[in-house]
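A.B. asks: Below is one structure. I have some questions about it.
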Amino acid sequence: MTSQPETHNLLARRFVHEIIGAAIKDGATYADLMVLFESAQLCIMEVLNLHYQLSPQVATDLCEASLQNAIERFAGGRAAKP
């Protein structure tokens with residue numbers, strides 16, 4: 001079993017190469033990428049609600065916490081670069 005950071009890095013790399021990269025090559029604008037981001041968030045909330053029977057409020061809270069973690073990871077990564 002891989003660690004969470006290893007899993008995150010693997011999935012992020014694949015998502016960028018297979019989804020985002022392909023969209024950009026097809027001419028996607030940053031607005032198009034925001035639609036893609038929103039769609040992914042909605043899909044996760046739907047799965048949390050329908051498959052795991054989490055209430056919409058709990059699913060939303062989990063997505064907000066996940067976004068906050070991503071923001072912190074992004075900011076931390078940028079702060080570490082010269």
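The values are calculated or read from the model by the stated rules, or taken from the named source; none is laboratory data. Source: prediction; values computed, not measured. Glycine gets a Cβ as well: all are built from the backbone with ideal geometry, and neighbour counts include every protein chain shown. Heads up: the accessible areas ignore ligands, DNA and RNA and are worked out on the full protein's heavy atoms, side chains in. Shrake-Rupley method; radii C 1.70, N 1.55, O 1.52, S 1.80 Å.
A.B. asks: I'd like to check which helices (runs of 4 or more DSSP H) are fully inside the chain and have at least 3 residues that are modelled with pLDDT of 90 or more and open to solvent by less than 60 Å² (accessible area, probe 1.4 Å).
C.D. replies: Correct list: 21-25, 30-50, 56-79.
A.B. asks: Taking only pairs six or more apart or across chains, which ones have beta-carbon atoms under 9 Å, a first residue in the range 30-42 that is under 14 Å from LEU67 (Cα atoms), and a second residue that is open to solvent by 80 Å² or more (accessible area, probe 1.4 Å)?
C.D. replies: Once the first residue is under 14 Å from LEU67 (Cα atoms) and sits in the range 30-42, its partners that are open to solvent by 80 Å² or more (accessible area, probe 1.4 Å) give ALA40/PHE15.
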